[in-house]
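Q: Submitted below is the structure of interest, expressed as structure tokens.
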Amino acid sequence: MCMRCVEISRRSLLVGGGALVASAATGVAQARTRPADMVPLIGPGFRPTETDEKGLWQLMDRAEEEISGSNLLVKEPELVSYLQDIIGHVGGPAAKDMRIYLAHIPDFNAMMFPSGFAVVFTGLLLRMRNEAQLAGVVAHESGHFLRRHMIRSWRDQKRKSDLFAIGAMAAGMGGAAGGVYLGDYVQLAQLGTILSLFAYSRAMEAEADAMGARLIAEAGYRPVEMANVWEQLIGEEDASARYRRKQRRRGSLFDTHPSPNSRMADLRLSATEVTVPGRIYDDRRARYLSKIAPIRQMLLEDQVKLNDPGGSQYLLNTLAQDGWNGMLRYYEGEVWRLRNRAGDDARAAQSYAVAVAYPDAPAEAWRWHGLSLIKEGRSNEGKAALGRYLRMKPAAPDAPFIRQMVG
Amino acid sequence: MRKSKLVLAAALLPLAACSTMGEGTDLGIYQLVRVKPTNVGNGSVTVLPPRPWNKQRRVFFFDSLRWVEDWTLNGPYLDGLTFVTALPSGEYLVRQRKSDERQVPKFRSDMTAPELAAMLATAYRVRGGAVQFNSLNLQPRQFLGYPGFQFDFEHLDGDELWRKGRAVGAVVDGRLYLMLFDATRSHYYGNALPDFEVMANNARIRHS
């Protein structure tokens, strides 16, 4: 979906814009893409036969080699096989051919590469409320592959000379080991730049949505969850922007994707179309939560510590629609504490106090609860809370300092 | 994707260093720091480096603030030493716009060591491009003759390198004093840590 490919957007805005004009002229953009029309264009075990596509795959193989060896990948075997299992269910005919990698990057993003491997960012896992939502995003990405969007857009735009550009980029990544690279926020994201050469048109995004809806419905997931993902994302973007009193992020997903409201409407309509009366659909929330449980705190930590209060608050409230717990309340406190405006210390203190009332409160909640109490002048209670923290996490990195405070 | 200022700055370095106006003039990016008592930051702290270092012009990670000064031995990609001297309450470690979606928290004079450590962690995530940040140790330590703290940490950055760091700091009269050392974990950290330790121990507040 490349939902937040900021790097991509500037270029693809131009490229995709051109494609949009072209399709609008022929009337293609007017019609809604229906899931029923979305037939996979490739079968199992697909390999390219034409020269340009073969060349592309070769380069992608190198890119994949780079990625699979990156130390930014989360390699927890359970989690990786879980993601592989999902793509195996919603990957249509190519289900067994596609690979999926989880990159430790706190942004909302997922991307499919022309040779059939997908990269999912950990920030995506944080934002999904259930497995159906995750499956929806993965299915959308599969849709790009199954509909051969990369090679189609490549050929449509007759930008074959850019193959050299890709080659150069792949070489650049190889060269990184030799210390000759110009760093980016995340090297992996350079692959986002590669993707920008394929600039999906809005029509293609609509196709991937429709294809995705069909794939998740066939796999038994509640189809409407795809629309919900979209709604959550719009909400988060707006909340973050409103907070900073400015327009949505420049170069945001809205540049390359259909207008948000019409897209949401289309997704809801598609969800209705692919729903078979009498069939039972599931969101598999419990399974999702148990699978990501080992990294949930890391995911929250990554997001909240970026100190984007508007976005983080929205996100916590969204996750809390399924019920507040000690972990979420603790991170709510962290949002306030890091924001650090007048009165925020009191707000944070209140969240910590609520957090520790839950049995699942992380040890850190006790630490900040204790420190807040001490600042309020409630020294004894504060020290007791810090003591609790130390008992829960005797080997905590800051234990030496906290011990000194407790005295 | 946001760019890491740190990394970006490093990428620009070779170009600048090659320019004819570079070395040896006031327009250079570096200035030699000799082995003699040297005032740092806003001039309120003096340290005695055990060997020559390079002082950076204020264009990098903690940039263009008069309370903050950066040094390096081998270039900011590999190692860096940051002095924060007498940062007043309500100020930031870095220059940033209010509209930036991700913010380095503001310093307040009532911050405790765990809060200061968390502030640094967020600075690395927001401005240093760290995708993973591990606190290793937070313990009491005297700094400038005042009760302060020592914070050890490591982080994995977007360029796929692990870096390791140590901060030693104290809040004195409501102002933050901090020395922050950060270097690639595999070699450069161990290489320059002894220098950092010497300076963290000989740093003095100048009483004018």
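The values are calculated or read from the model by the stated rules, or taken from the named source; none is laboratory data. Just so it is clear, the structure is predicted and the values come from calculations on it, not from any experiment. Every residue, glycine as well, gets a Cβ built from its backbone with ideal geometry; the counts of neighbours run over all protein chains shown. With ligands, DNA and RNA removed, areas are computed over all heavy atoms of the protein, side chains included. Shrake-Rupley method; radii C 1.70, N 1.55, O 1.52, S 1.80 Å.
Q: Identify, from the list A:R337, A:R242, A:R268, the residue that is more than 19 Å from the chain's Cα centre (by Cα), modelled with pLDDT under 90 and in a helix (DSSP H, G or I).
A: Result of the check over A:R337, A:R242, A:R268: A:R242.
Q: Name, by its number, the condition in (1) among the β-branched types (V, I, T); (2) within 13 Å of another protein chain (Cβ to nearest Cβ); (3) not in a loop (DSSP other than H, G, I, E, B) that does not hold for B:V104.
A: So the condition that B:V104 fails would be (3).
Q: Something else now. Hey, can you tell me all the residues within region A:112-126 that are among the small types (G, A, S) and either under 15 Å from A:A208 (Cα atoms) or open to solvent by 10 Å² or more (accessible area, probe 1.4 Å) (or both)?
A: A:G116, A:A118 - these are the residues of region A:112-126 that are among the small types (G, A, S) and either under 15 Å from A:A208 (Cα atoms) or open to solvent by 10 Å² or more (accessible area, probe 1.4 Å) (or both).
Q: Another question, then. Could you pull out the residue among B:Q150, B:Q139, B:Q132 that is at pLDDT 95 or above, within 11 Å of another protein chain (Cβ to nearest Cβ), more than 18 Å from B:W71 (Cα to Cα) and crowded, with 18+ Cβ neighbours inside 10 Å?
A: Among B:Q150, B:Q139, B:Q132, only B:Q150 is at pLDDT 95 or above, within 11 Å of another protein chain (Cβ to nearest Cβ), more than 18 Å from B:W71 (Cα to Cα) and crowded, with 18+ Cβ neighbours inside 10 Å.
Okay, residues lined up against (1) touching a Lys or Arg at 6+ places or on another chain (Cβ under 7 Å); (2) more than 14 Å from chain B (Cβ to nearest Cβ); (3) at pLDDT below 95; (4) open to solvent by less than 10 Å² (accessible area, probe 1.4 Å):
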{"residue": "A:I194", "(1), (2), (3), (4)": "no, no, yes, yes"}
{"residue": "A:R202", "(1), (2), (3), (4)": "no, yes, yes, no"}
{"residue": "A:E218", "(1), (2), (3), (4)": "no, yes, no, no"}
{"residue": "A:W230", "(1), (2), (3), (4)": "yes, yes, yes, yes"}
{"residue": "A:I234", "(1), (2), (3), (4)": "no, yes, yes, no"}
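Q: I would also like to ask the following. Does A:L390 satisfy the criteria of being open to solvent by less than 70 Å² (accessible area, probe 1.4 Å), of a type in the set (A, V, I, L, M), in contact with a Pro (Cβ under 7 Å, 6 or more places away or on another chain) and closer than 24 Å to B:R141 by Cβ? Step through it out loud before you land on a result.
A: Working: open to solvent by less than 70 Å² (accessible area, probe 1.4 Å): yes; of a type in the set (A, V, I, L, M): yes; in contact with a Pro (Cβ under 7 Å, 6 or more places away or on another chain): no; closer than 24 Å to B:R141 by Cβ: yes.
No: the conditions fail for A:L390.
Q: Oh, and also: Examine region A:306-329 for a residue that is farther than 27 Å from A:V229 by Cα, of a type in the set (K, R) and open to solvent by 10 Å² or more (accessible area, probe 1.4 Å), and state whether such a residue exists. Spell out the reasoning first.
A: Within region A:306-329, the first condition is being farther than 27 Å from A:V229 by Cα, and the residues that meet it are none.
No, because not a single residue in region A:306-329 is farther than 27 Å from A:V229 by Cα, of a type in the set (K, R) and open to solvent by 10 Å² or more (accessible area, probe 1.4 Å).
Q: Additional query: From A:N109, A:N71, which residue is on the phi < 0 side of the Ramachandran plot, at pLDDT below 95 and open to solvent by 10 Å² or more (accessible area, probe 1.4 Å)?
A: Going through A:N109, A:N71 in turn, the sole match is A:N71.
Q: Across region A:353-370, what is the total count of residues that are surrounded by 20 or more Cβ atoms within 10 Å (Cβ to Cβ), more than 11 Å from chain B (Cβ to nearest Cβ) and more than 24 Å from A:P294 (Cβ to Cβ)?
A: 1
Q: Continuing with the same structure: Is it the case, given these coordinates, that B:A86 is outside any loop (DSSP other than H, G, I, E, B), of a type in the set (G, A, S) and at the interface with another protein chain (Cβ under 9 Å from one of its Cβ atoms)? Reasoning before the result, please.
A: On the way: outside any loop (DSSP other than H, G, I, E, B): yes; of a type in the set (G, A, S): yes; at the interface with another protein chain (Cβ under 9 Å from one of its Cβ atoms): no.
So B:A86 does not fit the description; no.
Q: Moving on. Anything in region B:153-162 that is of a type in the set (D, E), more than 7 Å from every other protein chain (Cβ to nearest Cβ) and surrounded by fewer than 23 Cβ atoms within 10 Å (Cβ to Cβ)? List them, or say none.
A: So the first thing to find is which residues in region B:153-162 are of a type in the set (D, E), and the list is B:154, B:157, B:159-160.
So of that shortlist, the ones also more than 7 Å from every other protein chain (Cβ to nearest Cβ) come out as B:154, B:157.
Selection gives B:E154 alone.
Q: Residues in region B:117-125: is at least one more than 10 Å from every other protein chain (Cβ to nearest Cβ), over 22 Å from B:R206 (Cα atoms), open to solvent by less than 30 Å² (accessible area, probe 1.4 Å) and under 18 Å from the mean Cα position of the chain (by Cα)?
A: Yes, because at least one residue in region B:117-125 is more than 10 Å from every other protein chain (Cβ to nearest Cβ), over 22 Å from B:R206 (Cα atoms), open to solvent by less than 30 Å² (accessible area, probe 1.4 Å) and under 18 Å from the mean Cα position of the chain (by Cα).
Q: Can you confirm whether A:V80 is open to solvent by less than 10 Å² (accessible area, probe 1.4 Å) and either β-branched (V, I, T) or under 16 Å from A:G212 (Cα atoms) (or both)?
A: Taking the combined requirement at face value, the residue does not satisfy it.
Q: Then there's this: Would you mind telling me which numbered condition in (1) within 13 Å of the chain's Cα centre (by Cα); (2) surrounded by fewer than 22 Cβ atoms within 10 Å (Cβ to Cβ) B:M111 fails?
A: B:M111 satisfies all of (1) within 13 Å of the chain's Cα centre (by Cα); (2) surrounded by fewer than 22 Cβ atoms within 10 Å (Cβ to Cβ) except (1).
Q: Scanning for something open to solvent by 10 Å² or more (accessible area, probe 1.4 Å), within 14 Å of chain A (Cβ to nearest Cβ) and outside any helix (DSSP H, G or I), does region B:163-170 turn up at least one residue?
A: Within region B:163-170, the subset open to solvent by 10 Å² or more (accessible area, probe 1.4 Å) is B:164, B:166.
From what is left, the residues that are within 14 Å of chain A (Cβ to nearest Cβ) are B:164, B:166.
Subset that is outside any helix (DSSP H, G or I): B:164, B:166.
Looking through region B:163-170, at least one residue is open to solvent by 10 Å² or more (accessible area, probe 1.4 Å), within 14 Å of chain A (Cβ to nearest Cβ) and outside any helix (DSSP H, G or I).
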